[in-house]
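For reference, the structure discussed in these notes is given below.
Coordinate-derived values only; no laboratory data. Keep in mind that this is a model prediction, so the values were computed, not measured. A quick note on method: Cβ atoms are made from the backbone with ideal geometry, for glycine too, and the neighbour counts reach across all protein chains shown.
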Amino acid sequence: MSDDITETSQTVAAGQLRALIERIERLTEDKQAISDDIKDVFAEAKGTGFDTKAMRKLIARRKLDKDERAEGDSILELYESALGMV
C-alpha cells in the first residue's frame with residue numbers, strides 16, 4: 001500500500017516539476033524576446049542620432065528617487081574631486 005502512495009507522490013511531484021520547468025522555459029523565451037525588442041529600440045535610437053549610453057544612464061537614474069539621485073551625484077562628485085577630475 002505504501003508503495004502505491006510513494007509512486008503516486010512521485011508521479012505528482014514529477015508532474016509539478018515538469019510544469020514548473022516548462023513555465024520557466026516559456027518565461028525565459030519571453031524574456032529573450034523582450035530583450036531583443038529593447039535592443040531593437042536602442043538600435044533605432046542610435047540610428048536617429050541619440051547617445052545610447054546616455055539613454056541607459058537616464059533609464060537607470062529614473063528608477064531612483066530624488067534623494068537617491070542626489071546622494072549618488074554627491075558621491076560621484078566627491079570621488080571625481082579626489083581624483084582631480086573637477
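Just a few scattered comments:
Table: residues versus (1) over 30 Å from Leu76 (Cα atoms); (2) surrounded by 10 or more Cβ atoms within 10 Å (Cβ to Cβ); (3) charged (D, E, K, R).
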residue: Asp4; (1), (2), (3): yes, no, yes
residue: Thr8; (1), (2), (3): yes, yes, no
residue: Phe50; (1), (2), (3): no, yes, no
residue: Ala60; (1), (2), (3): no, yes, no
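- Restricting region 62-86 to residues that are small (Gly, Ala, Ser) and surrounded by 10 or more Cβ atoms within 10 Å (Cβ to Cβ), the residue that is farthest from Ile38 (Cα to Cα): Ser81
- Any chance Lys46 is part of a helix (DSSP H, G or I) and closer than 26 Å to Val86 by Cα: no
- Of all the listed residues (Ala14, Ala54, Ala19), the sole one being more than 17 Å from the chain's Cα centre (by Cα), under 30 Å from Ala70 (Cβ atoms) and assigned to a helix (DSSP H, G or I) is Ala54.
- Odd one out for Ala70 among (1) of a type in the set (A, V, I, L, M, F, W, C); (2) in contact with a Gly (Cβ under 9 Å, 6 or more places away or on another chain); (3) in a helix (DSSP H, G or I): (2)
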